[in-house]
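The values are calculated or read from the model by the stated rules, or taken from the named source; none is laboratory data. Model, not experiment: these values are computed from the prediction. Cβ placement follows ideal geometry from the backbone for every residue including glycine, while neighbour counts extend to all protein chains displayed.
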Amino acid sequence: MPDAFVDRLRAIQQSKNSAVCVGLDPDPSRLPSPLSGADAPADAVAKFCYEIVEATAEYACAFKLNFAFFEALGPEGATVLEHTASIIPENCIIIGDAKRGDIGNSARFYATAVFDHMHCDAITVAPYMGRDSVTPFLEKEDTCAFVLARTSNPGARDFQEACVCDDEPLYLRTAKLVNEWNDDHAGTAGLVAGATSPEALRELRQACPTLPFLVPGVGSQGGDPTAVMNAAATDEGLVVVNSSRSVIYASEDEDYADAAARAAKSLRDVLNGDAGA
């Protein structure tokens, strides 16, 4: 079914009136006081993620699971990651933030792991190795590969802003290629485009009017959510605006889940243009 992922994302965003993605980056050293210092960090992380998902799902269209934070817990972390993915409601998109990028044979196995075993709806992919490293993530018609284009970290300019041909920056060249790959794979590609560079966001949207954008960098990294919507949100081009630390660590105390819910709701309202949020 062409554009199955985009159609589902659009339906979820419309039904929940939300473009918010809650990023799950569970750092054991930053867990709120009721969970900090636990003898079993993996169990504490599992409880934390459960409480955050339960509290914020009402206001989110998606959850982004940062694999690194779970993998750092060792074998138990893999179990927690799978469990966390399993408790996310069906009316939310599950994004595996793994930033995979390898030769085609390896990429196929990464895609199988993320889509068939983790049951993620989308994955982040690094395109440095070219088309054959991305294609395996584009072949499942109801999923999406969000390909890194212009990321939100300070070092993004080291490579992504370098001019590579016809005075185009690498991030724009990447986006145009992804747009072509998307045409060949029934709408299963998107872009990662950081909130910290609204000018690049606007340029990327002009180049790729229909690709969904995963936009990190709002909140702790300083991205302006209103500027994001003005630059990249259109009727055809969906945006999924991620906030991790400013939501999940909104409180260090026993009210951490309620505080996360308030932060997610506030971001949703700002993205919707509610000046009173």
Of the conditions (1) more than 19 Å from LEU9 (Cα to Cα); (2) in contact with a Phe, Trp or Tyr (Cβ under 6 Å, 6 or more places away or on another chain); (3) modelled with pLDDT of 95 or more, ALA145 fails just one. Which one is it? (1)
What number of residues within segment 226-277 are under 11 Å from VAL20 (Cβ atoms) and touching a Lys or Arg at 6+ places or on another chain (Cβ under 8 Å)? 1
Selection over segment 202-224 where residues are over 20 Å from ASP183 (Cα atoms) and surrounded by fewer than 24 Cβ atoms within 10 Å (Cβ to Cβ) yields a count of 7
Would a scan of segment 85-93 turn up a residue that is of a type in the set (A, V, I, L, M), touching an Asp or Glu at 6+ places or on another chain (Cβ under 9 Å), touching a residue at least 12 places away in the same chain (Cβ under 8 Å) and within 24 Å of PRO127 (Cβ to Cβ)? yes
Go over the candidates GLY187, GLY219 one by one and state the one that is in contact with an Asp or Glu (Cβ under 6 Å, 6 or more places away or on another chain) and among the small types (Gly, Ala, Ser). GLY187
What's the number of the only condition in (1) modelled with pLDDT under 95; (2) of a type in the set (Lys, Arg); (3) not in a loop (DSSP other than H, G, I, E, B) that LYS140 fails to meet? (3)
Looking only at segment 9-24, filter to residues that are surrounded by 17 or more Cβ atoms within 10 Å (Cβ to Cβ) and not β-branched (Val, Ile, Thr); which one of those is farthest from the chain's Cα centre (by Cα)? LYS16
Would you mind stating whether ASN230 is within 20 Å of SER133 (Cβ to Cβ), part of a helix (DSSP H, G or I), in contact with a helix residue (DSSP H, G or I) (Cβ under 8 Å, 6 or more places away or on another chain) and not charged (D, E, K, R)? no
Give just the number: which of (1) surrounded by 18 or more Cβ atoms within 10 Å (Cβ to Cβ); (2) in contact (Cβ under 8 Å) with a residue 40 or more places away in the chain; (3) not in a strand (DSSP E or B); (4) not hydrophobic (A, V, I, L, M, F, W, C) does GLY237 not satisfy? (2)
Select from segment 151-194 the residues that are assigned to a loop (DSSP other than H, G, I, E, B) and among the aliphatic types (A, V, I, L, M) and list them in ascending order. ALA162, ALA186
Could you say which residue among SER246, SER220 is part of a helix (DSSP H, G or I), within 19 Å of LEU24 (Cβ to Cβ) and not charged (D, E, K, R)? SER246
Please verify whether THR188 is more than 30 Å from ALA44 (Cβ to Cβ), touching a Lys or Arg at 6+ places or on another chain (Cβ under 9 Å), modelled with pLDDT of 95 or more and among the polar types (S, T, N, Q), treating the condition exactly as stated. yes
Filter result for ASP142 (among the charged types (D, E, K, R), in contact (Cβ under 8 Å) with a residue 40 or more places away in the chain, surrounded by fewer than 18 Cβ atoms within 10 Å (Cβ to Cβ) and under 30 Å from ALA55 (Cα atoms)): yes
